[in-house]
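Sharing a structure here in C-alpha cells format.
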Amino acid sequence: LTAMGDPGMDPAMSAADSTAHQDSFFSMTDVFLISLITGLFTYWFFFRKKKEEVPELPKMQSVVAPVRDSSFIEKMKKTGRNIVVFYGSQTGTAEEFANRLSKDAHRYGLRGMAADPEEYDLSDLSRLSEIDKSLAVFCMATYGEGDPTDNAQDFYDWLQEADADLSGLRFAVFGLGNKTYEHFNAMGKYVDKRLEELGAQRIFELGLGDDDGNLEEDFITWREQFWPAVCEHFGVEATGEESSIRQYELVVHTDVNMNKVYTGEMGRLKSYENQKPPFDAKNPFLARVTENRKLNEGGERHLMHLELDISNSKIRYESGDHVAVYPANDSSLVNQIGEILGTDLDTVMSLNNLDEESNKKHPFPCPTSYRTALTYYLDITNPPRTNVLYELAQYASDAGEQERLRKMASSAAEGKALYLSWVVEARRNILAILQDMPSLRPPIDHLCELLPRLQARYYSIASSSKVHPNSIHICAVTVEYKTKTGRLNKGVATSWLKGKEPGQAGSSSLVPMYVRKSQFRLPFKPSTPVIMIGPGTGIAPFIGFIQERAWLKQQGKEVGETVLYYGCRREREDYVYREELARFQKEGVLTQLNVAFSRDQAEKVYVQHLLKKNKENVWKLINEGMAHIYVCGDARSMARDVQNTFYEIVSEFGNMSQPQAVDYVKKLMTKGRYSLDVWS
C-alpha cells in the first residue's frame, strides 16, 4: 500500500510524521481499496460467469427436449404415417381401441399410429393437412363426473383455450362412457363438438360406447362403418389383407443378469427395492398392511377393513381421495395357463416393438419372465375382447374351433350374439377359453402381446389424514361368483387384498399403491351441514368425513349437522363400523344416523326410502342450512334412485314442477353442493 502512496507527499517529512501519515492513510484508504477490489472481484466472479453461462442454456435444453418428441407431425412424416389415433385412457381400454384402429389402417393402404396426447403438442393439429390423406381419430374415455382422463387433461385445457384454425383437419371421435353416470360420454361429445367449432371437418359421426351395456360391440359396430367412410373420403379401397400382424418380436434371454430383469415393478427397475418419492401411477409406494380385519359378522360375503402404513413416504391425502392399488393375479390361474400351453413360465424374455420409432418399446416392462408378466402385468381374468379372439383363431388346429373364434370376432349379427353369450355373459376368461377349446394352443409370447394390461383398482379412502396422517384405510368386499359354466370367478384385487397378512415379512403384507386426488370434498366451512348417503362399502369416504368433523370439533371449531344414511342387508350380518358410528353419535359429531336394513323385513327398505321418510328435515337442511349432499356407492341403481328422491323432495317442498326440481338439483351439482363418488 505504501508503494501506492500519495504522489504529492512532501519528501522532507519527518519519520514520525511519515509514520503517522501512513497509519492515517491505511485507516482511511485501505478499507476503501479492499472494498473496491472485493466489489470488482465479486462482480467479475458472478456477473461475468453468468454472461458466459447464458449462451449455454439453449444447449442444455436441446439435450432434454428429445425426451418428449412433441411434434407428432414430424414423427408421422419421418415414418410415413397418415393416420394418428389419440387416446384419452384411464383404465387402458381407449388405448387398446386406439391400437386396434391404427393396426386396421394397413388394410386400406394407409399407415396409422396410436398416440398419447400427453406426449405431444396438440397445437400441431393445424399442420396435419401437410400430410396427404391425413386423418386424426380420437378415442376419448370420460372419467369421474364428466372429466377428461389424466393423460387427456392438457389436451382438454388446450381445446378450451385454443383459437386455432383447424380448417384443414379431418377427424373422427369414438367416446367411451357409461350410461349409469350423470355425464355420459361428456369428453367424447366435447372433443367432437369443439373440433368442429375450430373448423375441423368430421368425416364420420361420433361413436358413443357404453360400458354399462356392451362396449366392445359398440366399438365394433362403429368401426365397421367408420372404415368404409374413410375409404370413400380418400378414394381408397380395402386391400383384402386380413392377416395377423405381430406388433412385437420375441427375444428369449438365456444368459441375463437377473438384476436387469423386472419382477413386477410398474416403472423404474428395482423401484420396489429402492423406493424414491414422489409416488404415483408409474412409481407406486410399497405400503405395509398393518391391519386386515373382517367387518361383517355373518353372511356369505367377506367385508374387510385394511390399514396401509404410509410412514416416511411423503404421501399426503385428504378425506374423499382415492387410493389406487396394483394387485397380482392368482398364482393358480397363472400356473394353469403355463401348463396348458406347455411353457416354462420362468423363461426370461422381452417383447420388442417391431416399429423402432414407436414410443412404446414393450407392451409391459421388459425383460421379465412369463410368470411375472402373467402375474403382475396382464389381465387374465376379464373376458378377452374380439380382436384377441381373431388373432388367436389361427392357432386352433380344429377347423370348427377356428371358425367359432373367427365368427365371434366378426361384425355379423350372429357372431356378435355368440360372443355376447359364450364369452361376455358366461364370463369366460382366457384360461376358460383355452380349457374349452382343446385345439387352441397359441404361442405364449403372442398371447402376452394380445392380453390387455392389468389395471390398478381404486378405493375410496376410509380415513381422515387429520386423524391418521401415516395411514390409509380401505373398506372393501370380496368379489366371488359362480359363472354360467359352473366356474368360480374371484375378483383380482379383493381376493389378493383378503390374503394380505399384517406383520408378515416379505411381499405377503405389502401393497403397491398411490393416491389419486378427488373432487369429493367436505365443505370449506365446518359449520356447513352435510348429508351423506352411502350404503354398503359406499360408507368408506364418510368414515373419513366423520373422523375429520370429530377432529375439527375437538379443535374447538363449530361443526354443522352431520347426517348419515347408511344401508346394508341385515343388521346382524353386515352392519359395518357399527361401534365407530355409535361412538360418533354418542359424542355428538354424528347428529343423525339413519340405517336401512334391506332384508330384515318382508318389504325391502333402502336408503332412498329413509330419505323420503325424513323429507321435511332433508329439505330444511338443503334450503335453510345450505347443506352439502354426498352420494357414494353403486351408480347403476342406488345413485339414480337417490337422485330421483331428491327431485321429489325438492318438487314437493320447494313448490316446483319436476323439470324445475331437476334443474335445482343440477345447479346444486354445479355449485359443488351435490357430489358423487360412484361406480358401476
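Of the conditions (1) at pLDDT 95 or above; (2) under 26 Å from residue 477 (Cα atoms); (3) in the same structural domain as residue 192 (by the TED database), residue 211 clears all except one; give me its number.
Unmet condition: (1).
Another question, if that's okay. Kindly list the number of the only condition in (1) crowded, with 16+ Cβ neighbours inside 10 Å; (2) in contact with a Leu (Cβ under 9 Å, 6 or more places away or on another chain) that fails for residue 149.
Residue 149 satisfies all of (1) crowded, with 16+ Cβ neighbours inside 10 Å; (2) in contact with a Leu (Cβ under 9 Å, 6 or more places away or on another chain) except (2).
Filter segment 126-146 for residues that are out of contact with any helix residue (DSSP H, G or I) (no Cβ under 8 Å at 6 or more places or on another chain) and in a helix (DSSP H, G or I); which is surrounded by the most Cβ atoms within 10 Å (Cβ to Cβ)?
If we take residues in segment 126-146 being out of contact with any helix residue (DSSP H, G or I) (no Cβ under 8 Å at 6 or more places or on another chain) and in a helix (DSSP H, G or I), then 126 is surrounded by the most Cβ atoms within 10 Å (Cβ to Cβ).
Report, by residue number, each residue of segment 425-436 that is under 20 Å from residue 219 (Cα atoms) and surrounded by fewer than 17 Cβ atoms within 10 Å (Cβ to Cβ).
425
What pairs come up if the first residue lies in segment 128-145 and is closer than 30 Å to residue 519 by Cβ, the second is assigned to a loop (DSSP other than H, G, I, E, B) and open to solvent by 60 Å² or more (accessible area, probe 1.4 Å), and their beta carbons are under 6 Å apart, counting only those six or more places apart or on different chains?
Filtered contacts from segment 128-145: 145/183.
Could you look through segment 376-399, keep only residues that are in contact with a Ser or Thr (Cβ under 7 Å, 6 or more places away or on another chain) and open to solvent by less than 30 Å² (accessible area, probe 1.4 Å), and pick out the one that is nearest to residue 449 (Cα to Cα)?
391
Looking at segment 511-518, can you tell me whether even one residue there is touching a Ser or Thr at 6+ places or on another chain (Cβ under 7 Å) and open to solvent by 60 Å² or more (accessible area, probe 1.4 Å)?
Checked segment 511-518: no residue is touching a Ser or Thr at 6+ places or on another chain (Cβ under 7 Å) and open to solvent by 60 Å² or more (accessible area, probe 1.4 Å).
Restricting to segment 463-492, count the residues that are part of a strand (DSSP E or B), touching a Phe, Trp or Tyr at 6+ places or on another chain (Cβ under 8 Å) and open to solvent by 50 Å² or more (accessible area, probe 1.4 Å).
Qualifying residue count for the region: 1.
Could I ask something else about it? Which of the residues that make up segment 345-369 are farther than 27 Å from residue 120 by Cα and free of Cβ contacts under 8 Å to residues at least 12 places away in the same chain?
Across segment 345-369, there are no qualifying residues.
So, one more: Given the criteria in contact with a strand residue (DSSP E or B) (Cβ under 7 Å, 6 or more places away or on another chain), within 17 Å of residue 290 (Cα to Cα) and open to solvent by less than 20 Å² (accessible area, probe 1.4 Å), does residue 460 qualify?
Judged against the criteria, residue 460 is not a match.
Of the residues 612, 667, only one is in the same structural domain as residue 536 (by the TED database), more than 24 Å from residue 539 (Cβ to Cβ), modelled with pLDDT of 95 or more and of a type in the set (D, E, K, R); which?
667
Moving on to the next point. Quick one: in segment 304-341, which of the residues that are more than 27 Å from residue 513 (Cβ to Cβ) and touching a residue at least 60 places away in the same chain (Cβ under 8 Å) is surrounded by the most Cβ atoms within 10 Å (Cβ to Cβ)?
338
Starting from segment 402-431, take each residue that is closer than 13 Å to residue 392 by Cα and list its partners that are modelled with pLDDT of 95 or more and charged (D, E, K, R), counting only C-beta distances under 8 angstrom and pairs at least six apart or across chains.
407/414
Now a separate question. Go through segment 189-204 and report how many residues are open to solvent by 20 Å² or more (accessible area, probe 1.4 Å) and touching a residue at least 24 places away in the same chain (Cβ under 8 Å).
Step one: of segment 189-204, the residues open to solvent by 20 Å² or more (accessible area, probe 1.4 Å) are 189-190, 193-194, 196-197, 199, 201-204.
Still in the running and touching a residue at least 24 places away in the same chain (Cβ under 8 Å): 190, 194, 199, 201-204.
Number of matching residues: 7.
Still on this structure: Do we have any residue at all in segment 227-239 that's over 28 Å from residue 540 (Cβ atoms), open to solvent by 70 Å² or more (accessible area, probe 1.4 Å), of a type outside the set (Lys, Arg) and in a strand (DSSP E or B)?
There is no residue in segment 227-239 that is over 28 Å from residue 540 (Cβ atoms), open to solvent by 70 Å² or more (accessible area, probe 1.4 Å), of a type outside the set (Lys, Arg) and in a strand (DSSP E or B).
In segment 74-103, what count of residues is obtained for those that are under 18 Å from residue 191 (Cβ atoms) and touching an Asp or Glu at 6+ places or on another chain (Cβ under 7 Å)?
Number satisfying all stated conditions: 3.
Considering each of 629, 622 in turn, give the residue that is β-branched (Val, Ile, Thr), touching a strand residue (DSSP E or B) at 6+ places or on another chain (Cβ under 9 Å), touching a residue at least 40 places away in the same chain (Cβ under 8 Å) and not in a strand (DSSP E or B).
Numbers: 629 fails: not in a strand (DSSP E or B).
Exactly one residue qualifies, and that residue is 622.
Confirm whether residue 504 is out of contact with any helix residue (DSSP H, G or I) (no Cβ under 7 Å at 6 or more places or on another chain) and either assigned by the TED database to the domain that holds residue 291 or crowded, with 23+ Cβ neighbours inside 10 Å (or both).
Working: out of contact with any helix residue (DSSP H, G or I) (no Cβ under 7 Å at 6 or more places or on another chain): yes; either assigned by the TED database to the domain that holds residue 291 or crowded, with 23+ Cβ neighbours inside 10 Å (or both): yes.
So residue 504 passes the test.
Which one of the conditions (1) buried (at least 22 other Cβ atoms within 10 Å of the Cβ); (2) without any contact (Cβ under 8 Å) to a residue 24 or more places away in the chain does residue 372 fail to meet, given that it meets all the rest?
(2)
Can you tell me which residue within segment 546-571, out of those that are among the charged types (D, E, K, R) and either closer than 18 Å to residue 531 by Cα or touching a strand residue (DSSP E or B) at 6+ places or on another chain (Cβ under 9 Å) (or both), is surrounded by the most Cβ atoms within 10 Å (Cβ to Cβ)? Give the derivation first.
The first filter runs over segment 546-571 and keeps only residues among the charged types (D, E, K, R), leaving 548-549, 553, 557-558, 561, 569-571.
Now restrict to residues that are either closer than 18 Å to residue 531 by Cα or touching a strand residue (DSSP E or B) at 6+ places or on another chain (Cβ under 9 Å) (or both): 548-549, 553, 558, 561, 569-571.
Working: 548: 22, 549: 25, 553: 16, 558: 9, 561: 18, 569: 19, 570: 15, 571: 13.
For segment 546-571, the residue satisfying everything is 549.
With respect to residue 572, is the statement that it is assigned to a helix (DSSP H, G or I) and at pLDDT below 95 true?
Judged against the criteria, residue 572 is a match.
Under 8 Å between Cβ atoms, at least 6 apart or on separate chains: pull out the pairs that start in segment 654-665 with a residue that is in contact (Cβ under 8 Å) with a residue 24 or more places away in the chain and end on any residue that is open to solvent by 50 Å² or more (accessible area, probe 1.4 Å).
654/623; 654/660; 654/664
Further question on the same structure: Of 282, 294, which residue is on the phi < 0 side of the Ramachandran plot, open to solvent by 50 Å² or more (accessible area, probe 1.4 Å) and touching a Gly at 6+ places or on another chain (Cβ under 9 Å)? Step through it out loud before you land on a result.
Numbers: 294 fails: touching a Gly at 6+ places or on another chain (Cβ under 9 Å).
The match here is 282.
If you don't mind, there's one more thing I want to ask. Go through (1) surrounded by 20 or more Cβ atoms within 10 Å (Cβ to Cβ); (2) in contact with a helix residue (DSSP H, G or I) (Cβ under 8 Å, 6 or more places away or on another chain); (3) closer than 22 Å to residue 271 by Cβ; (4) assigned by the TED database to the domain that holds residue 435 for residue 359 and report which single condition fails.
Of (1) surrounded by 20 or more Cβ atoms within 10 Å (Cβ to Cβ); (2) in contact with a helix residue (DSSP H, G or I) (Cβ under 8 Å, 6 or more places away or on another chain); (3) closer than 22 Å to residue 271 by Cβ; (4) assigned by the TED database to the domain that holds residue 435, only one is false for residue 359: (1).
The values are calculated or read from the model by the stated rules, or taken from the named source; none is laboratory data. Computed from a prediction, not measured in an experiment: that's the story for all the values here. Neighbour counts are summed over all protein chains in view; Cβ atoms, including those assigned to glycine, are modelled from backbone coordinates with ideal geometry. What goes into the accessible areas is simple: the full protein's heavy atoms, side chains included, and nothing from ligands, DNA or RNA. Shrake-Rupley method; radii C 1.70, N 1.55, O 1.52, S 1.80 Å.
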